[in-house]
1. Residues of the stretch 223-243 being within 19 Å of C55 (Cβ to Cβ) and either within 20 Å of the chain's Cα centre (by Cα) or not β-branched (V, I, T) (or both), which ones?
2. Can you list residue pairs whose Cβ atoms sit under 8 Å apart, with the first residue in the stretch 265-281 being in contact (Cβ under 8 Å) with a residue 12 or more places away in the chain and the second being open to solvent by 60 Å² or more (accessible area, probe 1.4 Å) and assigned to a loop (DSSP other than H, G, I, E, B)? Count only pairs 6 or more apart in sequence or on different chains.
3. For the stretch 31-66, name all the residues that are within 16 Å of the ligand (Cβ to nearest atom) and in a loop (DSSP other than H, G, I, E, B).
4. Looking only at the stretch 183-221, which residues are under 14 Å from A44 (Cα atoms), away from the ligand (no atom under 14 Å from the Cβ) and open to solvent by less than 30 Å² (accessible area, probe 1.4 Å)?
5. Among A242, A294, which is at negative phi, within 16 Å of the ligand (Cβ to nearest atom) and open to solvent by less than 30 Å² (accessible area, probe 1.4 Å)?
6. So, in the stretch 67-87, of the ones that are within 13 Å of the ligand (Cβ to nearest atom) and open to solvent by less than 20 Å² (accessible area, probe 1.4 Å), which residue ends up nearest to G235 (Cα to Cα)?
7. Tell me, which residue of the stretch 111-148 that is part of a loop (DSSP other than H, G, I, E, B) and of a type in the set (A, V, I, L, M, F, W, C) is surrounded by the most Cβ atoms within 10 Å (Cβ to Cβ)?
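The values are calculated or read from the model by the stated rules, or taken from the named source; none is laboratory data. It should be emphasised that the depicted structure is a prediction, and the values quoted were computed from it without experimental measurement. As a convention, Cβ positions derive from the backbone with ideal geometry for all residues, glycine included, and neighbour counts pool all protein chains shown. Accessible surface is based on the protein model in full, side chains and every heavy atom, while ligands, DNA and RNA are left aside. Shrake-Rupley method; radii C 1.70, N 1.55, O 1.52, S 1.80 Å.
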Amino acid sequence: MNFIDLNAQYQILKDDISKRINRVLDSGAYIMGSEIKELESQLAQYAGTKYCVSCSNGTDALLIPLMAWNIGRGDAVFTSPFTFIATAEVIQLLGATPVFVDIDKDTYNIDFEMLEKAIQNVLKEGKLNPKAIIPVDLFGICADYDKINTIAKKYNLLVLEDAAQSFGATYNGNKSCSFGDCAATSFYPAKPLGCYGDGGAIFTNNDELYEKLISIRVHGQGDDKYNNVRIGINGRLDTIQAAILLSKLSIFDKEIAERNRVAKRYTNNLKNILKTPIIFENYSSVWAQYSVLAKSNEERTKIMDLLKEQQIPTVIYYPKPLHLQTAFENLNYNFGDFPISEDISSRIFSLPMHPYLCDSEIDKISNVIFEILN
Ligand SMILES: *Cc1c(COP(=O)(O)O)cnc(C)c1O
């Protein structure tokens with residue numbers, strides 16, 4: 001059994017993907033070929049934003065907007081410690097300071113009440129300038145943007161949505177990547193919409209920001225390639241990856257429906273023996289992960305070990321919250337600072353999740369867990 005099954009999807013799209021890749025190879029436009037604009041236009045339409053800027057990966061999709069906003073030394077950027085390293089890495093890379101805020105115990109996304117307290121603390125201390133918030137849409141579920149955007153407005157902060165796991169999800173009837181001043185997603189192969197290498201995209205409705213994003217994506221170029229008006233990066237998406245994404249986008253909604261079928265069946269099977277994901281009203285998930293909570297760290301180990309014996313793979317997202325990572329030891333956080341993130345990290349694990357998981361496989365996985373726990 002596979003944790004995700006990219007091959008099943010490839011078999012369905014094989015002919016179309018080959019055709020599209022061959023077209024790129026024949027065109028010779030390996031960098032910024034016509035597929036790039038076509039993809040950006042389709043993605044912006046999908047997310048409901050004015051602009052989409054494709055880029056090299058999800059990490060650069062977070063980095064480029066922060067660069068466009070001139071975020072750097074002395075600035076505080078608020079984010080979750082229960083996420084992939086990239087979310088906070090880009091903040092520190094620019095010399096700014098990640099300020100972690102604990103998560104909600106049910107959604108695993110940033111807790112808006114603690115967010116406001118953290119902003120007030122930074123203001124009171126007077127050492128850092130609060131500049132931005134990076135909420136993470138963890139496991140495919142959007143953060144609570146009504147609440148977050150209200151707080152952002154009150155304190156005059158920018159919002160960068162980390163939608164690396166949530167492209168295709170909805171909140172209050174709007175699509176992921178449409179909620180902040182800017183949003184970043186990833187097309188890493190294992191994400192709900194993935195390419196066959198690294199890729200990412202940035203979304204915004206802001207004209208001025210858009211101009212800066214496309215400049216920073218290509219070495220801070222001005223109106224000419226050899227006229228550089230700011231420091232940027234080499235952050236383009238490959239044309240071949242755009243061609244692959246155009247093919248995958250054609251079946252994406254169908255795949256989201258299948259992911260929801262899988263999630264629903266897992267939840268029905270498991271809700272009485274494990275804490276299954278909670279999707280509040282007005283939200284729909286793209287199920288980047290189907291993550292469940294064991295009652296204890298020992299119980300998690302036992303379940304994962306016995307599933308492994310049955311050739312059922314599981315993964316822990318995430319075993320160590322970012323405030324406890326060596327990479328951030330300069331921030332001087334301690335164990336106990338974010339008790340919810342720490343507790344969830346010690347008990348959470350993710351089950352196989354992909355659109356091609358069949359009902360009998362879901363039932364088999366569920367039955368093994370059921371037997372372990374009874
Ligand atoms: C995957 C991921 C990223 C980074 O995306 P890459 O394309 O791997 O650079 C950032 N944030 C979160 C929450 C992610 O899951």
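1. Here is the first cut: in the stretch 223-243, the ones within 19 Å of C55 (Cβ to Cβ) are 225, 228-243.
Across the stretch 223-243, the qualifying residues are K225, N228, R230, G232, N234, G235, R236, L237, D238, Q241, A242, A243.
2. Taking only residues 6 or more apart or on different chains, the pairs are I273/N374.
3. Looking only at the stretch 31-66, we keep the residues that are within 16 Å of the ligand (Cβ to nearest atom), and these are 39, 43, 52-66.
If the condition is that a residue be within 16 Å of the ligand (Cβ to nearest atom) and in a loop (DSSP other than H, G, I, E, B), then S56, N57 are the ones that fit.
4. Within the stretch 183-221, F203, T204 qualify.
5. Numbers: A294 fails: within 16 Å of the ligand (Cβ to nearest atom).
Unique residue meeting the criteria: A242.
6. The initial filter retains those residues of the stretch 67-87 that are within 13 Å of the ligand (Cβ to nearest atom), namely 79-87.
Imposing the further condition that a residue be open to solvent by less than 20 Å² (accessible area, probe 1.4 Å) reduces the set to 79-83, 86-87.
Numbers: T79: 23, S80: 25, P81: 26, F82: 26, T83: 23, A86: 15, T87: 17 Å.
Here the answer is A86.
7. In the first step, residues of the stretch 111-148 are kept if they are part of a loop (DSSP other than H, G, I, E, B); the result is 111, 126-128, 135, 137, 141-144.
Next, from what is left, pick out any that are of a type in the set (A, V, I, L, M, F, W, C): 128, 141-143.
Details: L128: 16, I141: 27, C142: 31, A143: 33.
My answer is A143.
Listed here are the residues, each with its yes/no results for (1) part of a helix (DSSP H, G or I); (2) surrounded by 20 or more Cβ atoms within 10 Å (Cβ to Cβ); (3) of a type in the set (A, V, I, L, M, F, W, C).
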site: R300; (1), (2), (3): yes, yes, no
site: E329; (1), (2), (3): yes, no, no
site: L357; (1), (2), (3): no, yes, yes
site: I365; (1), (2), (3): yes, yes, yes
site: I369; (1), (2), (3): yes, yes, yes
